[in-house]
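For reference, the structure is listed below as structure tokens.
Only the coordinates and a few stated rules stand behind these numbers; no lab work does. Remember, predicted model here, so these are calculated numbers, not experimental data. Here the Cβ positions follow ideal geometry from the backbone for every residue, glycine too, while neighbour counts run over all protein chains shown.
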Amino acid sequence: MANTLQTVRKSILTHSQSQSVRVALRGAAILNQPRFNKGTAFTAKEREIFGLRGRLPSRVNSLDEQCERAYAQLKTRDTPIRMNTFLHSMKDQNWVLYYSLVAKHLKELLPIIYTPTQGEAIAEYSHLFRRSEGIYLTFNAADKMEEDFLEQTRGRDIDLIVCSDAEAILGIGDQGVGVRAICTAKSALYSLIGGMDPARCLPISLDVGTDNQKLLEDPLYVGWQHKRVRGQEYDEFVDKFVQLVRKHYPHSLLHFEDFGVTNAYKILSRYKESHAVFNDDIQGTGAVTLACTMAAIGVTRTKLPDQRIVVFGAGSAGMGITKQLRDAMVATDGISEQEANSKFYLIDRYGLITERVEHTHGVRDDVKAYVRPDSEWTGVAHDANAEISLLEVIKKIKPTVLIGCSTRPGAFTKEAIEAMAEGCERPIIFPLSNPDRLVEVTPADANEWTKGKALLATGSPFPPAKMPNGKDYIIAECNNALIYPGLGFGAILSKSRHLSESMIVAGARRLAALSPALEDPDNALLPDLGHAPAVNFEVAVAVAEQAIEEGSAGVDWTKEEVRERAKAKTWVPVYPDLVYDEAGMK
Ligand SMILES: NC(=O)C1=CN([C@@H]2O[C@H](COP(=O)(O)OP(=O)(O)OC[C@H]3O[C@@H](n4cnc5c(N)ncnc54)[C@H](O)[C@@H]3O)[C@@H](O)[C@H]2O)C=CC1
Ligand SMILES: CC(=O)C(=O)O
Ligand SMILES: [Mg+2]
């Protein structure tokens, strides 16, 4: 599988050709524009025409030489967060160098620019702040929203907008204006591993205040220091923003990230018919977990409807996963929706979600179909709050799959994991909470407590676990980054009006088909994140093929042409030849 992915990547890189680009900037202006800046890699001819000869040291470097120097500089930073800020500054200076450097050391640097280190950068945003990026739309300037939006976008072709309102960032909750750093990280991954031109991607943060008391009291906080706006005012603000996107970029994909679960579902259902919208925490996580589950049941040689699935944490991610697995059972295995629903046991902060929990605390609409009847649990121990714990659920139903999206570190206790291993031969355990410190159980513990029988995947990177035969068991990263850039690229490539459920499932199937566990059940369940560019390319191809098949694509080419079209549109970080033109880009 690794060889296949290497071949895919090689063919994309061979395909990409250096183009020439017309630019209307000279001197300091071009050096300060990260899209066009080449630093010491400006050629002698370019130095001449762009007025740079006296502004640069004389030696012309290749991109490889620049990467070598930048990597050596990076390695002098002694903590992940210092490496993160160094790389962030580099992105502000020179896109090609930044993306090229990270791509060369992808496996090592993804955890620096994404989860877990980006979580720290988000929490410390106001203290680490150096330079703005993308667009900030703030509630108290809502009447000027269009003006502010156009100021930053006028004349730009935009394919993709990544937005967030910061209510539930990664697993670290409400981070106010720190939201900027999740939007930029998610957007950067579209370019780094999804093949999208960064100039056509736009991160937008929606600052509607924060309920994070620490931020409200921080004198250095750079956002709107105000309680989070909710209710109708919030809905109107978001609507104003979405209508702006629809008006100016009707063919763009609008990616929603880390919204609070109630708003996340509301927004998705409100706009899914009128614009290509995508919620990564719901749909991206659902898709990657479906692929990972398919790979795991390939190992256990069972089918999806054979599973008894416990989802611990019924928020955006947990319910996105539940819906995706449920829909796959209905579509592929031909069982009724009601029967498929019965395979799931949802646990949230009040224990197992039963009729009693529904009556006492209420449940959201998306949870209702999975509420367990009280009658099923008579005779089962309830705790002092009359709640049914994970352990009791495991003991009673003997789950085959246990998924964690709760942000509760250590919630999968030794007792619970051991009970699970007693109830089935190869327990499938995915503690997906990010960042790594919030994981429900570490893979090392889950592996030890199940005597190496567990099939494992996590949301953030973890070191391999030792199998009883002494071999390393590589822990698959079941992170939506393995699929969302490809889902988005596929939708944009095919100019699809929607990113439909069937397009998402097509992407998940393609990812599952790339599982190293298909070759050897002791292998990781998903491809290594180091192969993310080739994996996401394959996902994009599958998505675009599906869009063409179901008639939602806005292109006139056939499924057979998709692969070559995708290669031609894939952005890779190489310096273009720059030509001065007064009517060119700025
Ligand atoms: N691996 C991946 O690709 C992804 C991982 N995640 C991670 O999943 C976690 C949850 O994210 P979201 O679903 O967006 O957040 P969320 O806030 O929507 O959901 C968290 C859920 O956990 C529940 N919960 C809290 N305490 C609990 C407890 N003691 N027992 C059981 N449930 C409890 C909450 O009530 C809530 O329903 C985060 O750590 C996030 O980083 C999210 C998206 C993708
Ligand atoms: C990965 C991701 O989207 C999250 O943890 O929220
Ligand atoms: Mg997220």
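Take the eigenvalues of the Cα gyration tensor for region 112-209, scale each by 5, and report the square roots as semi-axes in whole Å, largest first. Intermediate values should be presented prior to the final figure.
Working: eigenvalues 87, 69, 22 Å².
Semi-axis lengths for region 112-209 are 21, 19, 10 Å.
A convex hull fitted to the Cα coordinates of region 482-569 yields 86 cubic angstrom per residue.
Placing +1 on the Cβ of each Lys and Arg and -1 on the Cβ of each Asp and Glu in region 422-547, which of LEU518, ALA532, ASN447 has its Cα farthest towards the positive end of the resulting dipole? Value: ALA532.
For region 365-425, a simple Cβ point-charge model (Lys and Arg +1, Asp and Glu -1, everything else neutral) yields a dipole of about 80 debye relative to the Cα centre. Simple rule: put +1 on each Lys or Arg Cβ and -1 on each Asp or Glu Cβ in the chain, find the dipole, and look at ILE49, ALA506, TYR190; the Cα lying farthest toward the positive end is ILE49. Between GLN33 and ALA583, the C-beta separation translates, for a Förster distance of 22 Å, into a calculated FRET efficiency of about 0.85. Each helix, a run of at least 4 DSSP H residues, gives -39500 (n - 2.57); summed and divided by the residues of the chain, these come to -13000 deg cm²/dmol at 222 nm. Restricting the calculation to alpha carbons of the chain gives Rg and Dmax of 24.1, 84 angstrom.
With a cut-off of 8 Å between alpha carbons and a minimum separation of six or more residues, what is the relative contact order of region 62-259 in percent?
Numbers: 281 pairs, mean separation 44.6, N = 198.
Dividing the mean separation by the residue count of region 62-259 yields 23 percent.
Note on region 62-259: the C-alpha convex hull projects to 11.4 nm² when averaged across all orientations.
Expected output is a single nm value to one decimal: the length gained when fully extending between ARG230 and LEU13, i.e. 0.36 nm times separation in residues minus the C-alpha distance. What is it? Please list the in-between numbers first.
Working: separation 217, 0.36 × 217 = 78.12 nm, distance 4.67 nm.
Result: 73.5 nm gained on full extension.
Placing +1 on each Lys and Arg Cβ and -1 on each Asp and Glu Cβ, with no other charges, gives the chain a dipole about its Cα centre of roughly 1580 debye.
I'd like the antiparallel share, as a percent to the nearest 5, of DSSP beta bridges with both residues in region 267-407. Could the numbers behind the result be given before it?
Details: 2 of 11 bridges.
Bridges in region 267-407 are about 20 percent antiparallel.
When only Cα pairs below 8 angstrom with a gap of at least 6 residues are kept, the chain shows a relative contact order of 17 percent.
Straightening the chain between THR76 and THR43 buys 9.0 nm, computed as 0.36 nm per residue apart minus the Cα-Cα spacing.
Which order do the peptides 79-91, 340-352 come out in when sorted by mean C-beta neighbours inside 10 angstrom, highest first? Before the final figure, lay out the partial values.
Values: 79-91: 17.3, 340-352: 20.5.
Ranking, from highest mean packing down: 340-352, 79-91.
At 37 °C and 0.692 mPa s, what whole-number value in µm²/s does Stokes-Einstein give for the translational diffusion of region 413-561, with Rh from the Kirkwood sum over Cα pairs?
Numbers: Rh = 16.6 Å.
After rounding, the answer is 197 µm²/s.
Normalising by residue count, region 78-151 has a Cα convex hull of 118 Å³ per residue. Ranked by the mean number of other Cβ atoms within 10 Å per residue, highest first, peptides 467-474, 308-315, 373-380 order as 308-315, 467-474, 373-380. Based only on the alpha carbon positions, what is the Kirkwood hydrodynamic radius of region 365-464, in angstrom? After inverting the mean inverse Cα-Cα distance, the result is 14.3 Å.
Seen against the Cα atoms of the chain and their longest principal axis, helix 231-248 is set at about 50 degrees.
Pairs LYS368/LYS414; LYS10/LYS247; LYS247/LYS569; LYS38/LYS75; LYS214/LYS323: which are spaced more than 28 Å apart, C-alpha to C-alpha? If you can, show how the numbers build up before the last one.
Values: LYS368/LYS414 30 Å; LYS10/LYS247 39 Å; LYS247/LYS569 25 Å; LYS38/LYS75 22 Å; LYS214/LYS323 35 Å.
Correct reply: LYS368/LYS414; LYS10/LYS247; LYS214/LYS323.
Take each peptide in 244-256, 552-564, 475-487, count the other Cβ atoms within 10 Å of every residue, and average; sorted highest first, the result is 475-487, 244-256, 552-564.
Along its first, second and third principal axes, ordered by size, region 350-416 spans 31, 28, 24 Å in Cα coordinates. Considering only ASN480, SER433, ASN469, the residue lying farthest towards the positive end of the dipole of region 428-483 is ASN469, judged by Cα position with unit charges set on Cβ. If you model region 183-227 as an ellipsoid using its alpha carbon gyration tensor, with each semi-axis the square root of five times an eigenvalue, the axes come out at 31, 10, 8 Å, biggest first. Charge dipole (Cα centre; +1 on Lys/Arg Cβ, -1 on Asp/Glu Cβ; no other charges) of region 62-259 amounts to roughly 500 debye. Close amide-amide hydrogen proximity is noted between MET585 and ARG22, VAL23, ALA24, each under 5 Å apart and 5 or more residues distant or on a separate chain (H modeled in the peptide plane; Pro and chain starts excluded).
Computed from the Cβ-Cβ distance with R0 of 22 Å, the FRET efficiency linking ARG69 to SER20 stands at 0.25. For region 482-569, the relative contact order works out to 40 percent when only alpha carbon pairs closer than 8 Å and six or more residues apart are counted. Residues whose amide H lies under 5 Å from that of TYR473, counting only those 5 or more places away or on a different chain, are ALA465, LYS466, MET467; hydrogens are built 1.01 Å from N in the peptide plane.
With the simple model of a label 7 Å out from the Cα in the direction of the Cβ, GLU146 to ASP556 spans 3.4 nm.
What Kirkwood radius, in Å to one decimal, follows from the Cα pairs of region 1-154?
Details: mean 1/r = 0.0547 Å⁻¹.
With all distinct Cα pairs of region 1-154 included, I get 18.3 Å.
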